Amino acid sequence: MYLFLFSLLDMRKRLLVFTGLLLMLSACGNKQTGAGFNLFTIEQDRQLGAQVAAEIESNPQEYPILDSASNIQAYRYIYAMRDKLLNSGNVRLKDDFQWRIRIIRDDNTLNAFCTPGGYIYIYTGLIKFLDAEDQLAGVLAHEIAHADFRHSTRQMTRMYGVQMLLSVLAGNREALKQVTGGLIGLKFSRGHEEEADYGSVLYMCPTDYDAAGGATFFEKLEAMGGAQSPQFLSSHPSPTNRIAHFHETKLEKGCNGNQTFASEYAQFKAILP
C-alpha cells in the first residue's frame, strides 16, 4: 500500500513534465516486444484492471456474466485454452497479471475485451459465431497481447489523460464508470492492433494450434460479405491485410501447429446456455 501511494504521488509530480511527451510517444512501440512509453507501472495496471473488473461485475443487467460455479465445464474448457497460451513461454507478463476470464451471456454481441492487468471478458455471441477452438484461441491470444503489451493504459491515457486514470486509481467512482465504458468499446491504434495480431501468432506458435487461427476469424467475416469487424478487432488495418499478416508471421516464425479442435469446440458451445 505504501509503495502504491508513493508511486501515485511521484506520478503526480511528473505529470506536467511528461504529458506532452506521452502524447507524442504513447502510440510508439516495437511490434516484436510491445515496448513503448507508459507512465503507469505494472502494479498500477493491476490496480486499474481490478477496479474496472469490479465495476463490470457489479452491473449484471448490462454485463450478465455466467457464474463460474454453475458453469464449471465451460470455464474449465476456456481456462485450459488460456493456460496453453500462457505456457507458450512468450507471454512476458505471465506471472504478473491475473489472466482471469469471464463469459458474458449475450448472443447478440460479437465482442471480447481485456482490461489492464489481464481481466478478460468474452461474449457468448462471439463464441457461438466461431467454428473451432483455434479461432477462439486466436482471439483470446490477441486480447492477452493487448494486456501483455500494456496497450490499454497507453491508449486510455491518450483518450482520458493521466489525471483521469489517476482519479480512478484514487477511488473516484464517476471516473471509473467513464473509463469502464470507454474500455469496453476501446479502439486501439493501428500500431497496437498490429502488435496484438503479432502477439496472437507469437503465443499460438509453440502450441499445437494453427497459429493463424486469428486469420480464420477474419476470413469468416469476409465470407459473410465484408461484414463490419466488431469493436474488439478494429477495422484498421483492413481485414484483408490482417489475414495476410497472420499468415506471414506464422511463416516467418516457422509455426508447425495445425490443430483446430473443431469437434471439441462444438461440444463446448453445446454446453453454453
Residue check for residue 107: without any contact (Cβ under 8 Å) to a residue 40 or more places away in the chain, under 18 Å from residue 185 (Cα atoms), outside any helix (DSSP H, G or I) and out of contact with any Leu (no Cβ under 6 Å at 6 or more places or on another chain):
yes
Within the range 28-49, of all residues that are among the aliphatic types (A, V, I, L, M) and surrounded by fewer than 16 Cβ atoms within 10 Å (Cβ to Cβ), the one modelled with the lowest pLDDT is 35
Pick from the range 145-165, criterion aliphatic (A, V, I, L, M) and modelled with pLDDT under 85, ranking: farthest from residue 43 (Cα to Cα):
159
Restricting the range 166-207 to residues that are at pLDDT 90 or above and among the hydroxyl-bearing types (Ser, Thr, Tyr), the residue that is nearest to the chain's Cα centre (by Cα):
200
Note down all Cβ pairs under 7 Å where the first residue falls in the range 118-130 and is under 14 Å from residue 271 (Cα atoms), the second is buried (at least 22 other Cβ atoms within 10 Å of the Cβ) and not aliphatic (A, V, I, L, M), and they're at least six residues apart or on different chains.
none
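What tally of residues in the range 121-138 results from selecting those that are out of contact with any helix residue (DSSP H, G or I) (no Cβ under 8 Å at 6 or more places or on another chain) and among the hydroxyl-bearing types (Ser, Thr, Tyr)? Don't jump to the end; show me each part of the working.
Filtering the range 121-138 down to residues out of contact with any helix residue (DSSP H, G or I) (no Cβ under 8 Å at 6 or more places or on another chain) leaves 123-125.
If we keep only those that are among the hydroxyl-bearing types (Ser, Thr, Tyr) as well, we get 123-124.
The number of residues fulfilling the criteria is 2.
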Flagged in the range 260-273 as outside any helix (DSSP H, G or I) and more than 23 Å from the chain's Cα centre (by Cα), in numbering order, are 271, 273
Subset of the range 53-81 [in contact (Cβ under 8 Å) with a residue 60 or more places away in the chain and in contact with a Phe, Trp or Tyr (Cβ under 7 Å, 6 or more places away or on another chain)]
53, 56, 74, 77
For the range 139-177, give me the residue count where each residue is under 30 Å from residue 260 (Cα atoms) and among the polar types (S, T, N, Q).
1
Considering the range 45-88 alone, what residues qualify as being touching a Gly at 6+ places or on another chain (Cβ under 9 Å) and of a type in the set (S, T, N, Q)?
47, 51
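How many residues, within the range 45-89, are among the hydrophobic types (A, V, I, L, M, F, W, C), part of a helix (DSSP H, G or I), farther than 30 Å from residue 166 by Cα and over 16 Å from the mean Cα position of the chain (by Cα)?
Here is the first cut: in the range 45-89, the residues among the hydrophobic types (A, V, I, L, M, F, W, C) are 48, 50, 52-54, 56, 65-66, 69, 72, 74, 78, 80-81, 85-86.
So of that shortlist, the ones also part of a helix (DSSP H, G or I) come out as 48, 50, 52-54, 56, 72, 74, 78, 80-81, 85-86.
If we keep only those that are farther than 30 Å from residue 166 by Cα too, we end up with 72, 74, 78, 80-81, 85.
Cutting the leftovers down to over 16 Å from the mean Cα position of the chain (by Cα) gives us 72, 74, 80.
Total satisfying the criteria: 3.
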Given the options 223, 244, 262, name the one that is touching an Asp or Glu at 6+ places or on another chain (Cβ under 9 Å) and modelled with pLDDT of 80 or more.
262
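The values are calculated or read from the model by the stated rules, or taken from the named source; none is laboratory data. No experiment lies behind these values; they were computed from the predicted model shown. Don't worry about glycine lacking a Cβ; one is built from the backbone with ideal geometry, like all the others, and counts go over all protein chains shown.
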